[in-house]
Amino acid sequence: MANISIAETSDLSALEHLVNNAYRGENSKKGWTTEADLIDGIRVNEEMLKEMLSHPGAVILKATGDDGTLEGCVYLDVQGERLYLGLLTVSPELQAKGLGKLLLQAGEDYGKQKNLKGVFMKVLTLRPELVAWYERKGYHKTGEAEIFEPPNDLIRPVQPLEMGILEKIF
């Protein structure tokens, strides 16, 4: 079973590798969360992770194996009375074994401990299997969506993309 803790600045390089490995490139296709056919380039770099963690109330939870190997992570950002949850990542070789569910629950527990009213996320609408996975975990579509705007030129959608908003009320 994975150990979950708050990531430190010293973890950023390993987190960058984990996330990019899970979402981009050929290795990501070993798992079911790949975005490699939808978006070229990287998912994150260390600078982006530092920027994310600079938000007041933001943390990254990391999951490590018994040997200390980084296996997964999730980004959490308190925004008003709700928690934004993003970057839910599991190493492609370890997907479909319950670690994503464990990280999702840890994120929700974090929000409950902060006495927040719920959690929300943005999911590519072209990923119906991912939306369905979240719906099975109690999330629902809000009906809101936004055009995917890459934060920099290191991230290049191969077609126009839309992000749907999902939420879960505590």
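Things to note:
- Here segment 33-45 is the region considered, the condition is being surrounded by 13 or more Cβ atoms within 10 Å (Cβ to Cβ) and out of contact with any strand residue (DSSP E or B) (no Cβ under 9 Å at 6 or more places or on another chain), and the residue that is nearest to G100 (Cα to Cα) is T34.
- Scanning segment 112-154 for residues that are among the hydroxyl-bearing types (S, T, Y) and farther than 17 Å from K101 by Cβ turns up T125, T142.
- Which numbered condition Q105 misses (of (1) exposed (fewer than 12 other Cβ atoms within 10 Å of the Cβ); (2) of a type in the set (S, T, N, Q); (3) at pLDDT 95 or above): (1)
- Scanning segment 65-91 for residues that are more than 26 Å from K168 (Cα to Cα) and in contact (Cβ under 8 Å) with a residue 40 or more places away in the chain gives G65, D66, L70.
- Of all the residues in segment 13-32, those that are surrounded by fewer than 19 Cβ atoms within 10 Å (Cβ to Cβ) and β-branched (V, I, T) number 0.
- Among the conditions (1) within 25 Å of Q79 (Cα to Cα); (2) modelled with pLDDT under 95, G25 misses just one, which is (1).
- Scanning segment 94-126 for residues that are out of contact with any helix residue (DSSP H, G or I) (no Cβ under 9 Å at 6 or more places or on another chain) and closer than 17 Å to A36 by Cα yields one hit, L126.
- Residues located in segment 122-149, provided they are under 23 Å from E51 (Cα atoms) and in contact (Cβ under 8 Å) with a residue 12 or more places away in the chain: K122, V123, L124, E146, I147, F148
The values are calculated or read from the model by the stated rules, or taken from the named source; none is laboratory data. What you see is a predicted model; the values in this text were computed from it and never measured. All Cβ positions, glycine included, derive from the backbone under ideal geometry; neighbour counts span all protein chains shown.
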